[in-house]
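Have a look at the structure below before the remarks.
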Amino acid sequence: MTRKNQTLGEFIIENQKDFPYASGELSRLINSIRLAAKMVNHEVNKAGLVDITGAVGETNVQGEDQQKLDVLANETFINTLTNREIVCGIASEENDEFITIKGQKNDHRNNYVVLMDPLDGSSNIDVNVSVGTIFSIYRRVTPSGTPVTIEDFLQPGNLQVAAGYIIYGTSTMLVYTTGNGVNGFTLNPALGTYYLSHPNMQFPEDGNIYSVNEGNYVHFPQGIKDYIKYCQEEKDDRPYTSRYIGSLVSDIHRNMIKGGVYLYPNTAKSPNGKLRLLYECNPMAFIAEQAGGKASDGFRRILDIKPTELHQRTPFVCGSKNMVEKVESFMQK
Ligand code: P6P
């Protein structure tokens, strides 16, 4: 049940029955994510004032310069999730290996694993462009009471129990699903409270925005090149508008509100695509489908891909259903 301007706390309590395991753990897990998001938001919003935007001099498992905010966001979410007796393991874009959480009784009895990109698009921080946090939640599949294993993390996206993102933009929003539609909550920073500002978010079936880094055009598969030319034709409802922020959360959030498609195909530099299946594509695909949209690698439904590695990449096409299907038709010619 949704009421405009309901707080996130009220929403979680009033929709508790929707959570697949109404033990309250998932509610507490969403609550801990909202707290961590407030803490990260506070740091992101003052990034320009405090010397925390410069690269920290190290690189992460992706070989990318770690911005201090990357490290801070990662530590904030890990610490917040660890201290709440809900999570038995965490995987992060910033960590080579997954993190085992024993619980305060050291008995490995917590039931959920979280996979996350703590600060996606962080290269935009220094130029004051919006960034985001992406999270994906599963129930563990190995026996409770034993240490979490890689199998708990390598689950197909269709087994997610919840997923969402926080966008640190002109306002800060938490957008998430537990499999019963997508709802967006806007943070009132003065009160530290999130309010239901976007109930039951829906991807328009069609749109006229395409989001892709056209600098990679020469390396795109022919089907993608043909689709981009299709977008640019003077015909029917085209040419479409090209909008690409370079921040996955921001591009998909805008396209979900206005209608559009985001593409990150494989390129010469990224032969399997750049985006990570487990903590970028799966959560965004769950959100997209729950909002009536679609997400594929051009051929397969993203949520049906069986992962084999923690940081594996995939080509990614996500957005308005009819636009994704048009891309697929070009890819499958
Ligand atoms: P490129 C940010 O690094 C990111 O993972 C996504 O947020 C974004 O959509 C994409 O990569 C941008 O990549 O190669 O176009 O700069």
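Computed quantities for the displayed model
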quantity	calculated
Residue-averaged [θ]222 nm for the chain, counting only DSSP H segments that reach four residues, each worth -39500 (n - 2.57)	-8000 deg cm²/dmol
Exposure ranking of Glu75, Glu10 by accessible area [1.4 Å probe, largest first]	Glu75, Glu10
Separation between Cα centres of the stretch 264-333 and the stretch 112-166, rounded to whole Å	16 Å
Accessible-area order (highest first, 1.4 angstrom probe) of the listed residues Tyr230, Tyr112	Tyr230, Tyr112
Overall form of the chain per C-alpha gyration tensor (a/c, 1.5; a/b vs b/c)	rounded
Magnitude of the charge dipole, the chain, Cβ model with Lys/Arg +1 and Asp/Glu -1, debye to 20	660 debye
Per-residue SASA entry for Lys46, accessible area with 1.4 Å probe, Å² rounded to 10	60 Å²
Among beta bridges that DSSP assigns inside the chain, antiparallel share in %, nearest 5	85 percent
Accessible carbon and sulfur surface of the chain relative to its total accessible area, %, 1.4 Å	48 percent
Highest-MSF residue in the chain out of Pro265, Pro239, Pro156 [GNM, Cα springs under 10 Å]	Pro239
Cα gyration tensor, the stretch 90-175 - rounded (a/c under 1.5), prolate or oblate	prolate
Contour excess over end-to-end distance, with Cα ends at Leu191 and Gln232 and 0.36 nm allotted per residue	10.2 nm
Cα gyration tensor shape for the stretch 225-277, rounded if a/c is under 1.5, else prolate or oblate	oblate
Dipole of the chain, positive end: most advanced residue of Gly184, Tyr279, Ile90 [Cβ charges, Cα centre]	Gly184
Compactness relative to 2.2 N^0.38 Å, alpha carbon Rg of the stretch 58-127	1.20
Subset of Lys258/Lys321; Lys225/Lys269; Lys225/Lys258; Lys38/Lys102 violating a 20 Å alpha-carbon distance limit	Lys225/Lys258; Lys38/Lys102
Square roots of five times the Cα gyration tensor eigenvalues for the stretch 8-200, Å	26, 22, 14
Stretchable slack from Asn272 to Tyr244, in nm (0.36 nm times residue separation minus alpha-carbon distance)	8.0 nm
Dipole magnitude (debye, nearest 20) for the stretch 276-333, charges at Cβ of Lys, Arg, Asp, Glu	120 debye
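The values are calculated or read from the model by the stated rules, or taken from the named source; none is laboratory data. Because the structure is predicted, anything quoted here is derived from the model rather than measured. Quick reminder, even Gly has a Cβ in these numbers, built from the backbone with ideal geometry, and neighbours come from all protein chains shown. Protein only, heavy atoms only, side chains kept; ligands, DNA and RNA dropped before computing areas. Shrake-Rupley method; radii C 1.70, N 1.55, O 1.52, S 1.80 Å.
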